[in-house]
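Following: one structure in structure tokens, then a few remarks.
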Number of protein chains: 2
Amino acid sequence: MTIQKPLPTKRPTRAGNLADGVYQALRRAIIEQALAPGTKLPEDSVGESFGVSRTVVRSVLGRLTVEGLVSQQPNKRATVASPSISEGRGVFQVRRGLERTVIETLAGRLTSAQTETLRAHVTAEERAQGRDGPESIRLAGEFHTLLADMTGNELLIRYVAEVTSRCSLILALYGRPHSSECAVNEHQMIIDALVRGDEATAVSIMDEQLMAVATRGLLDLKPVRERDLKDLLSDYRAAAK
Amino acid sequence: MTIQKPLPTKRPTRAGNLADGVYQALRRAIIEQALAPGTKLPEDSVGESFGVSRTVVRSVLGRLTVEGLVSQQPNKRATVASPSISEGRGVFQVRRGLERTVIETLAGRLTSAQTETLRAHVTAEERAQGRDGPESIRLAGEFHTLLADMTGNELLIRYVAEVTSRCSLILALYGRPHSSECAVNEHQMIIDALVRGDEATAVSIMDEQLMAVATRGLLDLKPVRERDLKDLLSDYRAAAK
DNA sequence: CGTCATTAAACAGTATACACTATTGTAAAT
DNA sequence: ATTTACAATAGTGTATACTGTTTAATGACG
């Protein structure tokens with residue numbers, strides 16, 4: 001039998017779910033670039049910094065890995081994911097398909113309350129437009145998850161949230177400083193089309209916009225930035241082996 | 001300090017990754033209905049039956065929960081998911097969108113080797129058509145994941161695999177005994193359209209087929225079957241509380 | 001008999017211990 | 001000086017221990 005010591009400064013596990021909190025925090029940290037892609041995430045250190053044990057961190061890292069924000073390989077430290085450009089393109093392509101489904105589901109079926117919510121959001125976007133980059137970016141992203149939420153389709157919501165967060169990462173890596181002034185106006189047009197049930201128009205605006213972001217706006221630019229050096233080297237090494 | 005006992009019959013952890021094995025096994029068991037929807041999955045029992053500890057089981061259940069094959073709520077036992085009809089519809093809708101993206105990606109871009117593989121698969125489907133339900137169903141499903149694989153889009157592959165497996169669950173719950181004799185022919189037509197780059201036709205056949213499965217073929221039928229009884233009861237009990 | 005309270009058994013959440021693997025630093029040998 | 005061997009370190013994989021919560025069983029009381 002094992003002899004136990006009194007556990008001095010240990011609170012007896014009050015909360016039901018530490019993992020969720022850590023998950024949210026870590027996720028935000030990654031999306032908002034507080035943790036740059038490639039950053040090492042040893043379970044111990046992360047655990048210490050959140051005041052939880054490896055068990056919790058481990059489950060969180062697992063979730064984030066599934067979502068593509070963290071990459072893990074066996075017996076190696078987890079790192080903040082740093083997707084390649086082609087992965088990035090792939091994510092954007094899937095996103096286009098998903099958002100089209102969102103639009104199709106919503107066209108002509110928005111309640112007035114929902115319309116109101118959307119218009120209010122666009123107003124907020126307009127207000128934040130001139131100044132404050134991060135805020136503006138966040139709002140632009142939220143427009144899409146907001147739409148997805150309104151479908152009430154649980155899976156669709158999850159997938160859109162996932163691709164949206166991955167796109168944030170990708171844009172941070174490969175996007176040019178800032179090129180989203182066009183968004184607000186188009187968001188307005190999407191809402192209008194949605195309200196009058198003009199599915200085709202809504203889809204085409206949305207698709208166009210995402211397409212633009214994925215190609216002209218961002219990915220085709222210069223992909224090499226400081227933090228990618230390591231990735232590039234590893235690619236070359238693999239090819240040379 | 002804690003006093004440790006010698007750990008008598010403990011093997012020193014040979015393998016690097018038990019979780020993957022258990023994951024595969026459990027996943028198959030669920031998809032193939034060896035574990036019916038609603039089956040309780042206590043961490044201890046599952047662990048014992050696979051000869052691993054709760055730690056491993058826990059991570060596996062987490063993964064499966066994300067994929068929608070298992071459902072978990074805090075402090076309750078995990079169960080094999082038993083999606084509602086409306087969830088089912090939602091999954092099918094997302095699936096339609098994803099598969100459309102697959103078709104669009106592939107149209108006019110199939111290599112001859114890929115075409116060969118697809119035709120061979122359809123041949124296998126034809127052979128299995130008359131007899132052996134399970135085999136036939138499995139092949140019909142694999143046609144879709146095979147297509148997805150050919151896109152080379154990692155995320156798309158994962159999503160299609162996920163919705164496909166969820167659809168298996170849903171069909172098992174709400175589908176009529178067997179109504180997939182139409183599939184083979186249409187698969188052939190999709191390949192043809194894909195090869196000659198006729199995106200519109202390929203999309204419409206695929207979409208039509210999935211739509212048919214999701215509405216006429218399956219979901220609108222009688223949703224209540226024996227194994228749902230327990231679920232229904234639990235719903236009522238919860239509502240009555 | 002049925003209903004509610006009380007207790008016992010399962011079970012999940014979390015932390016920690018130990019085995020194993022990868023990485024890194026360092027010194028010997030060429 | 002460069003490479004190889006090996007030890008020390010850091011980190012993951014997994015099992016187990018313990019605490020708190022849910023659920024089932026038991027019994028008291030109406």
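Remarks
- Seen through its C-alpha gyration tensor, with square-root eigenvalues sorted a ≥ b ≥ c, the range A:89-167 comes out oblate because a/c lies at 1.5 or above while a/b is not bigger than b/c.
- 10 Å Cβ neighbours from other chains, averaged over peptide A:53-63: 2
- Calculated FRET value between B:A29 and A:S204, using beta carbons and R₀ = 45 Å, to 0.05: 0.50
- Computed from the C-beta positions of B:T65 and A:A113 and an R0 of 30 Å, the FRET efficiency is 0.40 to the nearest 0.05.
- A simple count of charges around A:H187, restricted to other residues whose Cβ falls under 11 Å of its Cβ and scoring Lys, Arg +1 and Asp, Glu -1, yields -4.
- Per-residue ³J(HN,Hα) for the range B:23-29, Karplus 6.51 cos²θ - 1.76 cosθ + 1.60, θ = phi - 60°, Hz, x for Gly and Pro: 4, 4, 4, 5, 4, 4, 4
- Full extension of the chain between B:T215 and B:R196 gives 3.9 nm of extra length, using 0.36 nm per residue less the Cα-Cα distance.
- In range of the label at B:N17: residues from the range B:45-59 whose backbone nitrogen is under 20 Å from the point 7 Å along Cα→Cβ: B:50-59
- For the range B:85-217, the square roots a ≥ b ≥ c of the C-alpha gyration tensor eigenvalues yield an a/c of 1.5 or more together with a/b not exceeding b/c, which makes the shape oblate.
- Environment charge of B:E67, counting only residues whose C-beta is closer than 9 Å and scoring Lys/Arg +1, Asp/Glu -1: +2
- Proximal charge balance of A:D198 [Cβ under 15 Å; K/R count +1, D/E count -1]: -3
- The H on the amide N of B:R77, modeled in the peptide plane, is under 5 Å from the matching H of no residue at least 5 residues off or on a different chain.
- J(HN,Hα) series, the range B:79-87, from Karplus relation 6.51 cos²θ - 1.76 cosθ + 1.60, nearest Hz, glycine and proline x: 9, 5, 4, 10, x, 6, 5, 5, 4
- The mean count of C-beta atoms from other chains within 10 Å of the C-beta of residues in B:92-103, rounded to a whole number, is 5.
- Dipole of the range A:56-148 computed with +1 at Lys/Arg Cβ and -1 at Asp/Glu Cβ about the Cα centre; of A:Q114, A:V66, A:G130, farthest Cα towards the positive end is A:V66.
- The residue list A:L169, A:A183, A:A193 was ranked by how far each Cα lies along the charge dipole of the range A:85-217 toward its positive end, using unit charges on Cβ atoms, and A:L169 comes out on top.
- Extending 7 Å from the Cα toward the beta-carbon at both B:A36 and B:S84 defines two label points whose distance is 2.2 nm.
- Between A:A120 and A:S49, the simple label model (points 7 Å from Cα in the Cβ direction) yields a spacing of 3.5 nm.
- Classification of the range B:107-153 by its C-alpha gyration tensor yields an oblate form. The axis ratio a/c (a ≥ b ≥ c) is 1.5 or more, and b/c is at least a/b.
Rule-based calculations on the coordinates, nothing more; no lab input. Keep in mind it's a predicted model, so treat the numbers as computed, not measured. Reconstructed Cβ throughout: ideal geometry from the backbone, glycine too, with neighbour counts over all protein chains shown.
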